[in-house]
Every structure is written in structure tokens, then in C-alpha cells.
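Comments concern the structure below.
The values are calculated or read from the model by the stated rules, or taken from the named source; none is laboratory data. Quick caveat, the model's predicted, so the values are computed rather than measured. Backbone-built Cβ (ideal geometry, glycine too); neighbour counts: all protein chains shown.
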Amino acid sequence: MSKLTYMCGRITKYIRLAFTLIFVLLTAIQLKAQTPKVDLKAIIKPDSILIGDHIKLSLQVTYDSVRQRIALPEYEDGKMGPFLDIIEQLSLDTIKRDGRSITIDQSYIVTSFDSGSYMMAFPMLLQTATTDTILIDTLIFPQLDLYVNTIPIDTATYVMYDIKAISEYPFVIWDYWWIGIIILGLGLIVFGLWWYLRWRKYKGNLFVFSRSQDPPYVVAFSELQKLKNEKLWEQDRIKQYYTRLTDIVRQYLEDTYDMQAMEKTSEEILQALADLKFDKKDLYDELKKMLMYSDLAKFAKYKPLPIENEQSYQYAYNFVDGTKTQPVDKSETNEINTQDDNNTEI
């Protein structure tokens, strides 16, 4: 009884093993049937060259464009293996399309600088979508043979020469013209900056290269008279009027007290006068009022009353008249003295 049981167990074991082998075989057949055929071709023309000559290498692949994806080899640094240099990679080209089957060609222009006989094989990555999975495989293009020959040397006439010394070319000034352009450009920038600062300082007169020989107060009186004659505030040009008025006073302060009044705010001008121990309080207060009216008119769109415009002009005149360092020539300033016994209108 025990022998019969042993025999039955052995038979059962063999039957199970046979079924397992049949299942594995059927699975492999099914996967093979599911995997479309891929055709690889590698072409090189010509297959024998002189060292440094250019040749064309083509890698052609035929595959199922619906279920398969391919990844052709990528080469870095212009090298295709240890002995081939890529001169140019041509555009990927579709050679043939037949339903789902497609044939593409990736060509290269290559060369070699090492003589010898070479055997080449290029890999390609294949991705195939089956019923229930995605298969990834690496395929190899057919092997190519390349012969790289050197130029034969005629030993009968060949003469070996020593290495030549480094040549020294003569110095030519025109080879460095760009340095002159840079220097000229920097010079123009510096000159333009200097010219602009002069324009700011002399109120737009770019062609003034020396200060007026007249004392600052004479220049200020002359400019005040011009401003009066223009009658700007009477024409409702309030902002222009106060801009001109304060510029005249600022330029007078620069020339008289050697301060950068054109670049200062009203508060900074008053503070600079205080730092100079300016002791004429009445003139200081009038200048402060004139500057206040000016700031309101220029920056706050305030429209001063006619009497305030007249007072601002008179404050500016009084400040110049009260701080002049030389006696005023009456023949020059008689016309601009706006305060007479009858308080005539300015």
C-alpha cells in the first residue's frame, strides 16, 4: 500500500512539472506573438577612408508606430565611441510608412583621426506596449566595419624638418582701434557730465565759460528787472514766475555766500544761512516767506494773491539790497527800485 502511494505521488509531481513547463512555454509564445518585429539597419558609406575624411553613418529602424517607442543613442561632446568624431547630426527623417509600420533614419557625418580597423555596434532602447504590461529592451544595430588609413609617406623623397619657432607679428596701431573708441566714449561721457553741471549752474546758458565781471548783487538786480518786465504772474503763469524768482535768489546766494543753493531745498537754504550766523532777522524772515510762497505755488498748486506776488518780489529785492557787499550804482538800479513814496504796482 505504501509503495502504491509513493508511485502516485511521483506521478502527480511529474504531471505538475509538465503543466508548469507548458504554461511557461505558452506564455513566452504569447509574449513573442504580442511583440512586433523590429528591423535594424546600419549603413556606412564609404567603409574605407583616409584619416580625417568625412563619411556618412545611417541608423535605420523599422517598428510598429502604435505599440512601440524607440530611443536612438545620444552622444555627448561630439564623440561617437572612442574613435569617431561627429561633424554634424542630420535631421531625423521618415523613409517609409506602411500602415502602422514606419521606417526612420538618423544620419551622422563623422570622421576619425585614429588610423586602424574598427568594428562598431550601436545600442537602441525599445519600449513595447503589450496587453497588460510595457516591455523595455535594448537592441543592437548590426556591426559595421570601418578602415581608417593614413597617408602613405614617400620615404625616398621625404625630408624631416625641425619645429619652427613662434612667429612674432609687427605691432600695428590700427589693430587696437577699439581701445581708442573706449577712451573717446569715456571722454565724451565725462565732458557731457561737466557740460550738464555747467548748464545747471548757469541756468541753461551752455556757452558761458566765465562768470560775469559784475558783482553778484548787480547781476541779481538786472535779473529781477527782467522778471518784472516779463509780467509772468499777471499772465497767470504763477509757477514760472516763482521758479524764476527763486532761481535768481539762489544764484545770488551761491555767488555771495559760496553755498550750493541751486541744489538745496528751501529748508536747507534757511538752515545754511543760520549756520553762517546770518544776523539780519528781518531779511531772513522775508526770505523765508518768499520761499514759502514759492514752494506752495510750485508744488502745492497754490495760487497766491496779487499782493502776495508783489510782496514775494519785494522780499527778494530787499534781501539782495540788504546783503550786497558793495554800494549800488544808482544809475543802474534806479529803474528796478519798486518801493517809492506812492507804493506803485509791481
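Of all residues in the stretch 79-92, exactly one satisfies the criterion of being part of a strand (DSSP E or B) and either more than 37 Å from the chain's Cα centre (by Cα) or in contact (Cβ under 8 Å) with a residue 60 or more places away in the chain (or both), namely 84. Without any contact (Cβ under 8 Å) to a residue 40 or more places away in the chain, loosely packed, with under 12 Cβ neighbours inside 10 Å and over 23 Å from residue 137 (Cβ atoms) - does that describe any residue in the stretch 59-78? Among the residues of the stretch 59-78, at least one is without any contact (Cβ under 8 Å) to a residue 40 or more places away in the chain, loosely packed, with under 12 Cβ neighbours inside 10 Å and over 23 Å from residue 137 (Cβ atoms), which makes the answer yes. So which residues in the stretch 261-300 are polar (S, T, N, Q) and closer than 17 Å to residue 220 by Cβ? 294 - this is the single residue of the stretch 261-300 that is polar (S, T, N, Q) and closer than 17 Å to residue 220 by Cβ. Here residue 211 meets the list (1) modelled with pLDDT of 80 or more; (2) more than 18 Å from residue 308 (Cα to Cα) almost entirely, failing just condition (1). Among the conditions (1) surrounded by 11 or more Cβ atoms within 10 Å (Cβ to Cβ); (2) hydroxyl-bearing (Ser, Thr, Tyr); (3) more than 50 Å from the chain's Cα centre (by Cα), the only one that residue 111 does not satisfy is (3). Considering only the stretch 32-40, I want to know if a residue exists there that is surrounded by 12 or more Cβ atoms within 10 Å (Cβ to Cβ) and within 46 Å of the chain's Cα centre (by Cα). No.
Scanning the stretch 36-58 for residues that are closer than 15 Å to residue 106 by Cα and either among the charged types (D, E, K, R) or free of Cβ contacts under 8 Å to residues at least 12 places away in the same chain (or both) returns 39, 41, 45, 56.
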